[in-house]
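Asker: Let me begin by handing over the structure; questions about it come next.
The values are calculated or read from the model by the stated rules, or taken from the named source; none is laboratory data. Just so we're clear, the structure is a prediction, and the values are computed from it rather than from any experiment. Here the Cβ positions follow ideal geometry from the backbone for every residue, glycine too, while neighbour counts run over all protein chains shown. Side chains included, ligands, DNA and RNA excluded: accessible areas come from the protein's heavy atoms. Shrake-Rupley method; radii C 1.70, N 1.55, O 1.52, S 1.80 Å.
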Amino acid sequence: MDSQRGAVVGDPDYIAEGDKVVLVVNNEKHYFETLKAGRKVKLGNKTAILDVVFGHPYGSVFQLSSEGADPTRVYKAMNTGQSAAVTEGRSNKDLVDDNSAQQLTAQDIQLMKDSGKEGPEIIDALVANSSTFQERTEFSQDKYKKKKAKKYCPYFTVLRPTAMNVCEGVFQYAAGQLGYLRPDILAIMLCMGNVAAHKKVLVVDTCLGLLIGAVSEKMGGFGDICVADCGGRRQKPDALKKMQPRHQNIYAAKLSDLKAAQEGVDVKCAGTQSDQPPGSSQGAEAGPSSAEAGAVERWREEIMPDNEGEIPMEDRVEDTQCSTATESDRFGSQPEQLLEGSQRRPRSQQLVAGMQHADSAQINGWAEDGFDSCLVAAPLHHTSSLMQQLMPLLKPSAPFAASSPYLHALVECRDDLLRGRMAAMVEVQESFWREYQVLPERTHPQMDSKGPGAYLLSGVKIIFSDPPPGSAPNGARAHRGGKGGRGKRQRR
Amino acid sequence: MATGGRVIRDGDTVVAFSPPNNTRAVTVDAASAFNNKNGSFDMRDWIGRPFGCTVWPAKPPGGPPLYLLALTPELWTVVLRHRTQILYLPDISMVCGFLEARPGVTLLESGTGSGSLSHALARAVTPGGHLFTFEYHKERADWAREEFESHGLQEVVTVTQRDIEVEGFPDELSGKAHGVFLDLPSPWKVVQSAHSSLRSIGGRISTFSPCMEQVQKTVERMRACGFTDVRVMECLARDHQVKTVKFLTNFTAGGGNWEGRQGKRARTQFEAAKAPGQTEGVEGSKPTQPADSVEGGPGDVDAEQGLEDEPTEKDMCVSQPGWNSRGHTGYLVFARKWVEVPEQGWAKRATTAAPRDQAAACDSVVRRTEPSAEAEVPL
Ligand SMILES: C[S@@+](CC[C@H](N)C(=O)[O-])C[C@H]1O[C@@H](n2cnc3c(N)ncnc32)[C@H](O)[C@@H]1O
């Protein structure tokens with residue numbers, strides 16, 4: 001079959017039970033689901049059992065017409081908005097927007113629904129009972145119908161959980177928890193970090209594991225991803241868990257172990273290839289509550305007995321404007337509160353799918369060779385201090401990128417990296433992203449604003465060396481100017 | 001310090017970076033010298049040193065240094081010789097992201113132009129995938145082919161001279177591509193051909209056009225030819241300059257800013273306290289010159305200041321939006337091929353019985369294709 005040819009291994013063409021998918025309703029709202037036969041799923045204002053999607057190709061569109069009925073596949077391409085552009089003579093100048101135009105009441109509509117009327121019929125009824133519909137311009141009629149269609153016969157598209165899809169969806173609900181890592185910034189970051197197959201990439205991610213998943217997707221299963229545990233609170237890999245595991249090469253290691261290995265200490269890290277019960281791996285030297293506890297404890301997911309321990313994204317309070325950001329109030333407390341009820345229940349823990357402990361041989365290997373690339377999305381880790389620690393772990397000429405919602409954190413980091421002569425081409429940038437509606441004679445910038453995005457720092461690691469002895473002292477001294485500057489900064 | 005990393009050899013392409021913002025691609029030739037406005041560098045000394053190293057000029061001795069960096073697609077975009085308009089980082093990133101370029105996929109591109117985008121696409125599809133890129137201008141096609149070869153990408157990229165707007169994509173590629181990217185004067189002419197080149201499941205198209213009129217025609221064609229989820233967007237990046245600024249904190253000393261001679265004296269005093277290139281007052285900022293405190297400018301001003309009493313100024317590291325927002329101004333269009341392929345009976349039966357073990361499938365990929373030298377992205 002044609003469609004089987006050229007399938008990318010690991011990327012299925014057809015939807016199957018157990019797949020993690022992104023369901024995009026009305027081309028607007030993203031829902032995440034692990035498909036399970038017989039499970040009721042809430043999509044917008046409807047609930048449905050999605051078993052009919054099994055066996056259909058990814059990218060298929062389904063209509064949810066009436067409550068309780070199975071969704072039906074849409075085969076005819078849906079391309080609305082082709083209606084004639086401007087109608088002469090008609091205008092909206094006499095329209096009064098006082099909700100009196102619609103003769104049908106909510107009760108009437110409910111009655112229709114109860115008597116088994118489907119979405120399209122309801123829309124026809126609404127149009128017929130609108131006293132102003134005929135007076136509207138065609139453009140406006142079209143818009144009216146579309147608005148009603150969204151409500152009474154929503155459709156959804158089944159997509160693979162690519163990093164971009166997951167990023168876009170999670171950003172709608174929890175931009176703050178993603179560290180404002182918008183899809184455009186994520187995409188730029190992956191490029192700036194030169195992430196590709198067969199590289200060894202060092203990742204610091206406190207943004208729901210989105211960055212780890214995105215890096216893994218770009219590498220397609222080839223090469224190593226080392227997730228450095230740099231302290232802080234337990235991570236909730238909610239974004240990572242929405243993606244399909246691609247990769248058996250995601251390893252977690254403590255930053256302190258990586259640093260120790262580099263300083264020549266023979267690291268006897270907790271890491272073993274097997275998944276040990278929490279706490280047991282650390283022995284006596286660190287209590288379970290210590291910040292130093294288990295190298296990858298932070299990436300263990302909590303498995304609830306009933307559901308998969310997943311907090312449905314839509315239940316989350318949207319995290320938008322926070323003037324005082326601390327780890328507890330900003331990046332964690334809301335889901336934590338939601339978890340509270342379930343926390344009393346017994347639970348087991350296991351590592352996030354696809355992730356494993358790095359063993360000491362690997363850690364020593366990385367420390368000796370260095371990483372090819374480094375990506376950081378850890379808004380509440382002091383960027384400059386963190387980069388100072390990470391830079392020695394990189395190969396010379398390795399590109400790196402760090403995102404932060406806070407321009408100041410990156411500005412300071414850039415200054416410190418340049419003064420310390422650790423990197424070249426260090427830039428701080430901001431990305432502007434806007435979508436357009438393009439229709440005949442109705443082209444304009446899209447209303448929905450993208451929301452604030454993170455800033456991005458990028459650069460290339462260098463090894464600075466002094467000029468050869470005997471060269472003219474003038475120029476050389478001029479170039480130490482920066483070091484004088486550093487002394488000054490320290491006093492600050 | 002990590003010791004891994006490649007060592008520079010004769011004939012390698014290196015990116016020579018001279019602070020604050022001068023970047024050039026250099027092919028290392030042990031027998032000659034590299035010259036820039038800061039001096040002359042003996043390339044013999046470069047050989048055997050790691051990428052990322054610092055080199056100093058032979059003439060004038062002690063002049064500003066140069067950093068030798070390994071080539072990446074992003075650096076190539078900065079240093080390549082412009083034969084055409086090119087795509088820049090933000091657009092390139094969005095295309096790689098929304099076209100779902102990933103290892104194993106087959107992508108089509110036209111025109112090749114200066115190969116700015118092609119390098120990033122080639123990186124993304126490696127290993128297992130392929131980029132077929134089409135350019136109707138013979139010299140540009142040849143030039144691009146040479147560059148891909150010298151960057152070790154000849155196994156991943158095929159450049160073909162072809163008039164895509166007239167002939168469309170070749171029939172042999174029909175139904176094979178996961179993604180098609182068009183940067184052509186009239187992309188709408190190629191939409192139909194792109195549609196037939198794409199796989200029936202998971203096919204994506206993207207175009208780049210500077211003008212909205214082009215976009216409108218293209219989008220209309222896409223909707224008519226069986227594409228869906230059409231998105232039009234623009235993405236640009238703006239840099240933020242970082243510098244240390246001396247702010248006045250003593251508001252009484254000097255005084256009389258507006259009064260003839262006195263004011264002048266006060267201002268001279270203020271100016272003297274500034275280090276050239278390092279700090280910036282309220283006036284006289286040079287917008288085009290990123291004040292790159294460390295890499296660019298000399299000068300430690302502590303000694304000259306001699307302000308024993310109260311400090312009258314305070315250093316602060318600040319940022320300011322830069323003048324160069326990168327990204328050629330244009331619009332990106334993305335769309336998905338409408339999936340007409342029917343439900344697959346066997347898939348349904350097979351999968352409802354036993355959910356496929358994706359982890360195992362991935363595992364087998366990893367084992368099947370062990371990292372091999374030629375599969376690696378050379379950049
Ligand atoms: C703007 S450039 C592409 C730049 C490229 N995206 C990059 O990033 O370097 C457009 C290219 O398309 C080529 N071109 C124009 N019309 C063409 C056609 N009909 N068939 C093939 N190539 C064409 C031009 O020669 C030019 O090199």
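Asker: Before we go on, tell me the buried accessible area for the B/A pair, both chains summed, 1.4 Å probe, in Å² to the nearest 100.
Answerer: That pair hides around 9900 Å² of surface in total.
Asker: Carbon and sulfur together cover what percent of the accessible area of region B:160-259 at a 1.4 Å probe radius?
Answerer: The value for region B:160-259 is 51 percent carbon and sulfur by accessible area.
Asker: With the solvent-accessible surface defined on protein heavy atoms using a 1.4 Å probe, which residues belonging to region B:234-252 display a reduction of at least 40 Å² in accessible area in the multichain context relative to the isolated chain?
Answerer: B:Glu234, B:Leu236, B:Arg238, B:His240, B:Val242
Asker: If you plug each phi of region A:41-51 into the Karplus form 6.51 cos²θ - 1.76 cosθ + 1.60 with θ = phi - 60°, what whole-Hz ³J(HN,Hα) values come out, in order, with x for Gly and Pro?
Answerer: Once rounded to whole Hz, the list reads 10, 8, 10, x, 9, 10, 10, 7, 8, 9, 3.
Asker: Let me ask something else about it. Each label point is 7 Å from the Cα along the Cα-to-Cβ direction; what then is the distance between the points at B:Glu172 and A:Lys143, in nm?
Answerer: 5.1 nm
Asker: Enter the mean number of other protein chain beta carbons within 10 Å of the beta carbon of each residue in A:453-462, as an integer.
Answerer: The mean count of partner-chain Cβ atoms within 10 Å per residue comes to 3.
Asker: Non-local amide H neighbours of A:Ala423 (under 5 Å, H modeled in plane, Pro and chain starts lacking H): which ones?
Answerer: The list, which skips near neighbours in sequence, is A:Ile462.
Asker: Accessible area per residue of region B:137-255 at 1.4 Å probe, in Å²?
Answerer: 41 Å²
Asker: How large is the accessible surface of B:Met316 in square angstrom, using a 1.4 angstrom probe and rounding to the nearest 10?
Answerer: 90 Å²
Asker: Which shape class applies to region B:101-211: rounded if a/c is under 1.5, otherwise prolate when a/b exceeds b/c and oblate if not, where a ≥ b ≥ c are the square roots of the Cα gyration tensor eigenvalues?
Answerer: oblate
Asker: I've got another one for you. Suppose R0 equals 45 Å; then what is the FRET efficiency for A:Arg442 and B:Thr158 from their Cβ-Cβ distance, rounded to the nearest 0.05?
Answerer: 0.65
Asker: Non-local amide H neighbours of A:Asp224 (under 5 Å, H modeled in plane, Pro and chain starts lacking H): which ones?
Answerer: Placed amide hydrogens put A:Lys199, A:Lys200, A:Val201 under 5 Å from A:Asp224.
Asker: Could I ask something else about it? Rank A:Gly193, A:Gln141, A:Pro183 by how far each Cα sits towards the positive end of the charge dipole of region A:140-233 (+1 on Lys, Arg Cβ; -1 on Asp, Glu Cβ) and give me just the farthest.
Answerer: My answer, from the dipole projection, is A:Gln141.
Asker: Moving to a separate point now. Can you give me the solvent accessible area of B:Trp143 with a 1.4 Å probe, rounded to the nearest 10 Å²?
Answerer: 90 Å²
Asker: Counting only other chains, and only Cβ atoms inside 10 Å, what mean value do you get across the residues of B:86-97?
Answerer: If you average over the peptide's residues, the count of other-chain Cβ atoms is 5.
Asker: Counting only other chains, and only Cβ atoms inside 10 Å, what mean value do you get across the residues of A:215-226?
Answerer: Partner Cβ neighbours, averaged per residue: 5.
Asker: Can you put A:Glu427, B:Glu220 in order of accessible area, largest first, using a 1.4 Å probe?
Answerer: B:Glu220, A:Glu427
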